[in-house]
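Asks: Following this message is one structure expressed as structure tokens.
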Amino acid sequence: MSVFEKNVNCKDIAPLLVFYLCDEVNDGEREQIEAHLASCAACSALLAEDEQLQTTLLASRQPADELDASGILLAQCRSELAESLDDLSAPPLQEHWRPFGWLRRWMALRPVWSGALLVLFGTVVGTQVLPLMQNANNTNGQTMNVMAKQPLTPKQFENMTFSGITFSPSPGSDTPNVEVHLNAEQPMVLTGNVEDSDMRGMLTYVVQNGERFDAGMRLDCLDALKTVVRDQQVRGALITAALKDQNPAVRMKALESLRGASSDDAVRQTLLQALQHDSNPGVRVEAVNVLVASLQGDQSDSQETAPEEPVVAPSPKSGGPDEIASIDRVVSVLQRLQRQDPSRYVRLRSAAALRQIGPREVQ
Amino acid sequence: MPLARWALALADNNGRSGSTDAALASGTSLPNLDERALVAEAQTGNRAAFEELVRRYDRDVLRLALNLMKRPEDARDVYQEAFLKVYRNLHRFRFECSFYTWLYRIVTNVCLDHLRRRQARPEDQAPELSTGHHEEGITDFFERQREHRPTQDPERTLIGKEIKSHIARAMERLSPRERIVFEMKHYQGLKLRAIGDVLGTTEETVKNSLFRATRKLRIELGGLR
């Protein structure tokens with residue numbers, strides 16, 4: 001039984017006026033409301049107010065009317081929805097067959113272990129597999145390319161210091177084997193025969209750049225180079241050392257090393273220069289000895305030959321004009337030394353040399 | 001040839017209902033299908049059928065979203081979210097209510113979520129476009145020109161703006177649910193029972209919401225009468 005069927009009053013009607021206005025009451029309620037409104041001015045006024053309010057609200061432009069009056073927003077929404085549906089409808093990307101996919105996943109999840117594994121793998125390949133492959137290639141008799149050893153350059157020599165040099169006799173060869181200990185960025189030991197051009201070049205460099213190396217090292221190098229004095233480069237280095245080295249012992253050693261090439265004009269000039277200008281008497285005496293030996297033509301036995309023994313002076317007829325001029329110059333220099341040299345020993349040695357050469361008419 | 005194009009578009013779709021097959025075979029195009037057949041067709045995965053459903057209802061959906069959210073960006077988000085939910089869950093629709101009711105239930109739920117989120121975090125939201133000063137909000141050139149026609153009474157225009165501003169402020173006083181009920185009742189024209197179905201509640205609850213909304217508006221807009 002509805003409340004409207006009896007004792008209907010304003011308190012019951014007022015809440016229903018809203019629904020009466022928007023047609024949301026049933027027939028019975030509508031009859032009761034209309035009957036009450038016919039006799040109640042207050043509720044009728046309230047209904048009029050609600051109706052006016054509703055009319056005002058419905059008459060006002062809604063946000064939708066203003067925000068999308070031209071339908072652009074709707075078109076945008078449809079377009080975006082279509083794109084989203086395309087994305088949803090797109091078939092999922094096919095997972096291609098990936099070999100070692102499990103390994104890649106494992107490595108991605110364990111970066112530290114992966115790094116260690118890669119280092120180990122590289123080490124094994126580098127130390128074990130590559131040599132095996134090279135050996136296999138060799139057994140097949142295929143051509144193998146070998147990189148030539150990079151020769152040491154003077155630039156590299158400049159950055160090196162020599163810490164030691166040792167000699168050992170080379171069986172079946174007159175030239176010794178040399179072992180050079182180098183202090184470079186990475187210490188190294190070079191071993192080879194003096195005949196080897198690299199080794200010879202290195203020893204020559206030491207002799208030519210005497211200021212960078214100690215005297216003992218220079219003497220060792222001169223000793224080694226003595227056997228290859230016929231080489232033009234070596235001879236030049238020895239001449240330089242004989243004239244310019246600061247150490248008299250080195251200069252003496254250089255002159256001694258030149259003994260094998262004393263017949264060379266440049267060497268003889270060097271000997272004469274040393275004889276006249278070297279400040280050390282020992283060097284001058286050594287120069288006399290080498291000169292005499294060269295004139296005797298028996299270099300090997302010149303030291304052992306007694307100075308007082310008669311010597312066979314080279315016959316002017318046996319040599320050419322240049323040879324005769326050279327001998328005359330030597331004799332002239334020796335005679336001057338015999339008279340003027342401040343060292344008594346040099347004067348005596350010069351006199352002995354003149355006797356060994358024999359009486360000559362100096363022109 | 002629209003029919004031929006539809007036929008081609010649907011040729012490779014599998015699993016459609018027999019009735020729809022029959023309808024399509026008889027030459028009925030998608031726009032001419034009734035709601036039930038269209039939904040059934042869309043449930044089989046027919047994209048064109050789904051898009052036809054969207055076109056039938058999206059204007060109302062966007063209007064509801066705009067009126068409730070009052071911001072085009074939010075309304076666009078609601079539109080997208082609601083229809084994507086429909087697309088993903090269409091296979092769950094069992095025809096226990098009308099598709100329209102089911103769709104609106106989804107839309108109103110999305111709107112409620114957005115409104116509640118906005119109430120919870122107002123600092124994250126862009127300011128609403130003021131309907132009382134909509135000149136700034138309207139980007140369409142021709143819309144602005146209409147408001148400035150010389151024949152229009154400036155005083156009447158001003159009063160109209162004032163009324164809209166009052167209404168907008170009054171609507172702000174309503175709770176999200178009350179706003180939805182009021183909107184669906186007065187601007188969408190739904191019956192209270194249908195609104196109850198949409199909101200998943202009883203007609204009595206909807207009545208209470210509408211009554212409270214009307215009372216609040218009456219108080220807020222008392223000066224307009």
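Asks: Could you put A:Glu31, B:Glu81, B:Glu183, A:Glu51 in order of accessible surface area, largest first, with the 1.4 Å probe and the full protein assembly present?
Replies: Details: A:Glu31 125, B:Glu81 60, B:Glu183 5, A:Glu51 95 Å².
Largest accessible area first, the residues go A:Glu31, A:Glu51, B:Glu81, B:Glu183.
Asks: While we're looking at this one, here's another question. Just the number, please: buried accessible area between B and A, total of both chains, 1.4 angstrom probe, nearest 100 square angstrom.
Replies: Working: alone 13750 and 23720 Å², together 33320 Å².
In total, chains B and A hide about 4100 Å² from solvent.
Asks: I would also like to ask the following. Taking amide H atoms as placed 1.01 Å from N in the peptide plane, list the residues 5 or more away in sequence, or in a different chain, whose amide H sits under 5 Å from that of A:Glu24.
Replies: Sorted by chain and number, the residues that satisfy this come to none at all.
Asks: Let me ask something else about it. Which far-off residues, 5 or more places away or on another chain, put their amide H under 5 Å from the one on A:Asn177, with H placed in the peptide plane?
Replies: Hits under the 5 Å cutoff: A:Ser168, A:Ser170.
Asks: Something else: Report A:Thr127's accessible area, 1.4 Å probe, all protein chains in place, as a number in Å² to the nearest 10.
Replies: Approximately 80 Å² for this residue.
Asks: Roll a 1.4 Å probe over the protein heavy atoms and report the accessible area of B:Arg56 in Å², nearest 10.
Replies: The accessible area of B:Arg56 comes to roughly 80 Å².
Asks: A further question follows. Which of the residues in segment B:180-225 show a loss of at least 50 Å² in accessible area from their chain by itself to the complete set of protein chains, at a probe of 1.4 Å?
Replies: B:His186, B:Tyr187, B:Lys207, B:Phe211, B:Arg218, B:Arg225
Asks: Can you sort B:Glu96, A:Glu49 by 1.4 Å-probe accessible area, starting with the largest? Don't skip to the answer; put the middle values down first.
Replies: Working: B:Glu96 165, A:Glu49 75 Å².
Accessible-area ranking of B:Glu96, A:Glu49, largest first: B:Glu96, A:Glu49.
Asks: What residues in segment B:74-110 lose 40 Å² or more of accessible surface when the other protein chains are added to their chain alone (1.4 Å probe)?
Replies: Those are B:Arg76, B:Tyr79, B:Gln80, B:Leu84, B:Tyr87, which lose 40 Å² or more relative to the chain on its own.
Asks: Cα-Cα over 26 Å: which of B:Lys85/B:Lys185; B:Lys70/B:Lys191; A:Lys11/B:Lys207; A:Lys11/B:Lys70; B:Lys85/B:Lys207? Can you show the working numbers first?
Replies: Working: B:Lys85/B:Lys185 24 Å; B:Lys70/B:Lys191 23 Å; A:Lys11/B:Lys207 17 Å; A:Lys11/B:Lys70 36 Å; B:Lys85/B:Lys207 28 Å.
From the list (B:Lys85/B:Lys185; B:Lys70/B:Lys191; A:Lys11/B:Lys207; A:Lys11/B:Lys70; B:Lys85/B:Lys207), the Cα-Cα distance tops 26 Å for A:Lys11/B:Lys70; B:Lys85/B:Lys207.
Asks: If DNA, RNA and ligands are ignored and the probe is 1.4 Å, what is the ranking of B:Trp102, A:Trp102 by accessible area, most exposed first?
Replies: Numbers: B:Trp102 35, A:Trp102 160 Å².
The most accessible residue leads, giving A:Trp102, B:Trp102.
Asks: Please work out how much accessible surface A:Met252 shows to a 1.4 Å probe, ignoring ligands, DNA and RNA, in Å² rounded to 10.
Replies: Surface open to solvent at A:Met252 totals about 70 Å².
The values are calculated or read from the model by the stated rules, or taken from the named source; none is laboratory data. What you see is a predicted model, and the numbers here were worked out from it, not measured in a lab. Side chains included, ligands, DNA and RNA excluded: accessible areas come from the protein's heavy atoms. Shrake-Rupley method; radii C 1.70, N 1.55, O 1.52, S 1.80 Å.
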